[in-house]
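Let me begin by presenting the structure, written as structure tokens, before commenting on it.
Every number in this text was worked out from the coordinates using simple rules, so none of it is lab data. From a predicted model like this one, the values you see are computed outputs, not experimental measurements. Methodologically, a virtual Cβ is constructed for each residue, glycine included, from the backbone with ideal geometry; neighbour enumeration extends over all protein chains shown.
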Amino acid sequence: MPKKPLFANLTSAFFAAGLTLFLGASVMGLRLNSEGITLGVELASTQTFVELGLAGLLVFLFQLFRDHLPKLSSNTSAKLAIPSFLRTDKQQRLWLMLTLGALLLFPFTTGRSNIDLATLVLIYIMLAIGLNIVVGLAGLLDLGYVGFYAVGAYTYGLLYTYFGFSFWQALPVAGLFAAITGWLLGYPVLRLRGDYLAIVTLGFGEIIRLLLNNLTELTGGPNGVSRIPKPTLFGLEFSRRGDNTFHEFFGIAYDPVHRVIFLYILALLLVILSIYVVRRLIRMPIGRAWEALREDEIACRSLGMSPTNIKLSAFTIGATFAGFAGAFFATRQSFISPESFAFIESAIILAIVVLGGMGSQLGVVLAAIAMVLLPELAREFNEYRMLLFGLMMVLMMIWRPQGLLPAKRPHRELKTTNAEVK
Amino acid sequence: MTQPLLEVKDLVMRFGGLRAVNQVSLDVQEGQIVSLIGPNGAGKTTVFNCISGFYKPSAGEVIFKGKPMHRLPGHLIARHGMVRTFQNIRLFKEMTVLENLLVAQHMQAERNLLKGLLNLTGYQSKEQELEDRSAEWLERVNLIEFANREAGTLAYGQQRRLEIARCMVTQPTLLMLDEPAAGLNPQETQDLDQLIMELRDKYKVTLLLIEHDMKLVMGISDQIVVINQGAPLAKGTPAEILGNQDVIKAYLGEE
């Protein structure tokens, strides 16, 4: 790259610094004070303004010299080299086993709140794995994914309320209902692509939320569904008193942490199962067809594949995972209301998929951990959470536009026969 | 003469007031190589799109293996054994070369989800079969060493060969090539020439092609159909076409 003159970015640097000062001054430089019953506007302290000025100067200098700063990383060919201890299949299997073991032992070494947080991470991993099918593999931008999550959660909540279903009975039904909803959404959006598809799916997610909110007689409206029971372990309950409780059966003292650990392990098993299923799906004809659809719909048709069926299968199977995650969410929370299924949830799940690297399983898992843990760890910066969220997205797009761990193409050894083609 | 494999009768395609294709008819006999030629903008690709179902013809009939095709969507036509390539290559660019061939055999694959998820032997052997057929064709078009490369990273000529291989793994009866020699160097064109002859003679595939390279067309075609400004101009063997005054006029203008 030819060296640019030192002050080539002068205009854009001025602009950036000006923008920083303007936004900073409007957000932080003015303060509202209540004077009796009226509100008065007054300027912030001089110190704030000095800090603002310094921030503006910093932005100015950075923008001015950005081409001359050492590059953080080249963003096109950034590929993580596989570390030396992970090269062979045997080593990989060993590390996989060790990780699994650590994940299983984890809840016994830490406190209740950490286990709870880990369970939340696992729910998001499951959601992101499902959305990854629709967005990452089939290339259909879905902004209403939370709708299927809500369907799963309410399926369990309502089946329990009206028919007394247990978690284990409701789980497959929740997956099935979410799948049917996914299939139904698939139909009207078959002809849409890109931005139009995104808008319609966004509307779909909102429709589900509004329906749940307004069908008060059926769903309890904004009051939600409460006292949803926890799952049982082969009929053993995790409660202090009851006919058939876990601690009595095993003859140990009652401890509320048992239930939390049980939920964690349950979520872990669901996630492992999901990862396994999607891993197989990707290598199966249906997974190949999803990717082909993302690459070129016309070529798909010219080879006899029906884009309709491929899209519907992606929506349906993707939604199923959200349905399972929803039922699990309902049982973990004991209480669900339409508020839990707002658009921001869809946005977070989509962000996880994009951050992780579209179509990449491991990347999505890492991104889910980051996206759920960071806001929790940064609780003190509560006011600035969304700001940090935005900053992280911007930095990711600069540093790694293809995601944390971009999907790798499967490598298959072919038998080279040199035999005559028959 | 027996019933032709593909019969196009009085095909008309209108776009608003424009008649892009006007009363074009052509027959393709089984085992022949038929070329569709004409000056730029003559409507050759539009004819292709109508035959393969990507456009719905405004009027006329397309009969393939004795069955009407002109009302079917493209993917159902393809399932009858009529597949095509595209003028501006349409590969699945981010998938590997091998995956391109595997995905092309989607209709032959074992698509039962449960069998696949449980990795049953029936599924495995079917996948192996698809892989073997892909390998055969990769060897035939000299791309076996690139099997695990992303298709988008191949050189232009290789991409053209891969697109033909992708059609062939579906085991078609009729292969339609839209300007297969466009952008190829003389050596590659010669190889293509040979490949097309081999497809007909060895794999018993019938071919319909659009081509600009006159040397290639005259050398391999059994029949040539010339269209000009959407309308049929001439039909015949290469020798007949070369001597046709109308064709010379359409290509070179009047004296």
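Distance between the 7 Å Cα→Cβ label points at residue A:166 and residue A:27: 5.1 nm.
Using the Cβ-Cβ distance between residue A:255 and residue A:373 with R0 set to 45 Å, the FRET efficiency works out to roughly 0.95. Inter-chain Cβ neighbour count for A:291-300, averaged per residue, equals 6 (cutoff 10 Å, partner chain atoms only).
Between the C-alpha center of the range B:147-206 and that of the range A:177-198 there is a gap of 36 Å. Compared with the alpha-carbon gap, the fully stretched path from residue A:223 to residue A:102 is longer by 39.6 nm at 0.36 nm per residue. Rounded to the nearest 5, the antiparallel percentage of DSSP beta bridges internal to the protein assembly as shown is 60%.
The trypsin sites (Lys or Arg not before Pro) of the range B:166-206 that meet both conditions, a loop assignment by DSSP and at most 12 other Cβ atoms within 10 Å of the site Cβ, are B:202, B:204.
Between residue A:58 and residue A:39, the modelled label-to-label distance comes to 2.9 nm, taking each label 7 Å out from Cα in the direction of the beta carbon. Between amide H atoms placed 1.01 Å from N, distances below 5 Å from residue B:29 occur with B:5, all of them 5 or more places distant or on a separate chain.
Extension gain for residue A:114 to residue A:190 (0.36 nm times residue separation, less C-alpha to C-alpha distance): 23.1 nm. Using the Cβ atoms and a cut-off under 15 Å, what net charge is assigned to the surroundings of residue B:31, where Lys and Arg are +1 and Asp and Glu are -1? Residues near residue B:31 contribute -1 overall. DSSP beta bridges fully contained in chain B are about 55 percent antiparallel. Under 13 Å from a label point 7 Å along Cα→Cβ of residue B:142: give me every residue in the range B:173-193 with its amide N that close. Output list for this probe position: B:185-193. Helical content of chain A, expressed as a calculated mean residue ellipticity at 222 nm, amounts to -21000 deg cm²/dmol (DSSP H runs of 4 or more residues, -39,500 (n - 2.57) each, divided by residue number, nearest 500). Peptides A:48-55, B:59-66 ordered by packing proxy, namely the average of other Cβ atoms within 10 Å per residue, highest first: B:59-66, A:48-55. Listed by chain and number, the aspartates and glutamates whose C-alpha is less than 14 Å from the C-alpha of residue B:126, apart from same-chain residues fewer than 8 away, are B:110. Between residue A:88 and residue B:198, the distance separating the two model label sites (each 7 Å from Cα on the Cα→Cβ line) works out to 4.0 nm. On the beta carbon distance between residue A:399 and residue B:245, with R0 = 51 Å, the FRET formula returns roughly 0.15. Output the pairs from A:230/A:311; B:9/B:93; B:67/B:202; B:65/B:115; A:311/B:202; B:67/B:235 with a Cα-Cα distance over 28 Å in this structure; if there are none, say none. Beyond 28 Å: A:230/A:311; B:9/B:93; B:65/B:115; A:311/B:202. In summary, the aspartates and glutamates within cross-link reach of residue A:408, defined as a Cα separation below 14 angstrom excluding same-chain residues under 8 places away, comprise A:291, B:94, B:99, B:150.
Averaged over the residues of peptide B:73-86, the number of Cβ atoms from other protein chains lying within 10 Å of each residue's Cβ is 4. Largest GNM mean-square fluctuation across B:151, B:109, B:135, computed for chain B with C-alpha springs under 10 Å, falls on B:109. Can you tally the net charge around residue A:332? Count Lys and Arg as +1, Asp and Glu as -1, for every other residue whose Cβ sits under 12 Å from the Cβ of residue A:332. Overall, the nearby charge balance is +1. Partner shielding of B:105-114 amounts to 5, given as the average count of beta-carbon atoms from other chains within 10 Å of each residue beta-carbon. If you take the beta carbon distance between residue A:199 and residue A:283 as r and set R0 to 41 Å, what does 1/(1 + (r/R0)^6) give as a FRET efficiency, to the nearest 0.05? After rounding to 0.05, the efficiency reads 0.80.
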